[in-house]
Each structure stands twice: as structure tokens, then as C-alpha cells.
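See below for the structure under consideration.
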Amino acid sequence: MQIDQNVSATEPDWSRELPKGFWDPGPKLLRALRRYQSAQARGGLFAILMSKRWVLSHRFWSLMTQSEVHLNMQIAGGLRLPHPTGIIVHPNAKIGPNCQLMHQVTLSGDVVLEGHVDVGAGAKVIGPLTIGVDAEVGANAVVTNDVPAGAVVGGVPARVLKMKPGYEVS
């Protein structure tokens, strides 16, 4: 997993969510979610009609990706879903700015991903727990405890493998 060190953990980079072409299911799934939430916030007859349109779009992209990302969940800007197949996110999960979820990731329960958290392919995060800023979860890891900021975790059950420079284990 290649990590971009210049990504902010606090300010969303909305360009990370832009579709790169006609068939770009991750960003299209997110676009349907964002536009549904926007229409719901507006209210009125037109907003109700637009909500229905974005529900259909969300269902289509959910089917295409075999992913379950709920329409009303809290996702900060800049989420990347580069290979959005089989991603399951509990509706109570909260995803911070500029996070990345690879394929077959499960966020189960009250999981909080703080800013710029990257979750590797096949990882299972079983809450309630919090994963700190700039943390990385390795592929196929099973996370059952809080992860400190700047930690790289992996294994079953997940444990801290190393800390990124500038972070300490608390």
C-alpha cells in the first residue's frame, strides 16, 4: 500500500473523491451518498425527488461494487475507495478526512477512523474503537482495540508493528 505523506489529517482533499472516468465505481458510490445527504439537508419537494434519484444511484453502485456503505453515515471529505469491492461499513462508523479503504474491508460497530487512516485489503475492524490519525492497518488484520496515532498495525489480532516518525506509543 503506497502512502502519500503529503495528505492532511484534518483538511479534506475533495479531489480524492472525483471520478477519473466513466466507470469509476468508488467515487461514483461516494458521489451518490454525498448528493443524497445534500438533498436531505435542503428539504422541499424537489429535494425529495432528487433524494430518490440518488438512492437509486447508490443502490446501483452498491450492487456493482458489492459494498455496503450506508447513505446516512458520517464520512468526512477525501475518502478513497480505490478497489471498492466487498467493503462493509456499519452505519454508526465515523470516517475522518482523507482516509482510504481497500477492498474487502469491514468496519463493524462504532468504529471511528480519525484523519488520514489507511485500511489495507481484507482488514476487519471490530468496534467500538478508535483508530488515531495517520495510522495504517495492514492487509487482513483484525483490529479489536484502539490504535494510537501514527501506528502501523497488523496481524490477528492486530498489534502495533511500528510507529511512524514523530509519533510515540502512549
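Angle, helix 25-42 long axis vs. longest principal axis of the chain, Cα atoms, 0 to 90°, nearest 10? For 25-42 against the chain, the angle is about 60 degrees. Put a plus charge on the Cβ of each Lys and Arg, a minus charge on the Cβ of each Asp and Glu, and nothing anywhere else: the dipole of the chain about its Cα centre is then about 740 debye.
Subtracting the Cα-Cα distance of Arg42 and Ser15 from 0.36 nm times their residue separation leaves 7.3 nm of extension gain. Please state the shape class of segment 18-65: rounded when a/c is under 1.5, otherwise prolate if a/b exceeds b/c and oblate if not, all from the C-alpha gyration tensor. Taking the square roots of the gyration eigenvalues as a ≥ b ≥ c, segment 18-65 is prolate. Sequence-distant contacts, meaning Cα pairs under 8 Å at least 6 residues apart, place the relative contact order of the chain at 15 percent. Within the set [x] 1.10; [y] 0.93; [z] 1.03, the number that Cα Rg over 2.2 N^0.38 Å takes when calculated for this structure is listed as [z].
Taken over segment 72-161, the ratio of Cα radius of gyration to 2.2 N^0.38 Å equals 0.91. Going by Cα centres, segment 51-109 and segment 122-138 are how many Å apart? Going from one Cα centre to the other spans 16 Å. Subtracting the Cα-Cα distance of Arg53 and Gln66 from their residue separation scaled by 0.36 nm leaves 2.7 nm.
Fewest-first ordering of Phe22, Phe46 by other beta carbons within 10 Å of each residue's beta carbon gives Phe22, Phe46. For Trp14, Trp23, the sequence from fewest to most other C-beta atoms within 10 Å is Trp23, Trp14.
Coordinate-derived values only; no laboratory data. The model shown is predicted, which means the values in this text are computed figures rather than measured ones. Note: ideal-geometry Cβ built from the backbone for every residue, glycine included; neighbour counts use all protein chains shown.
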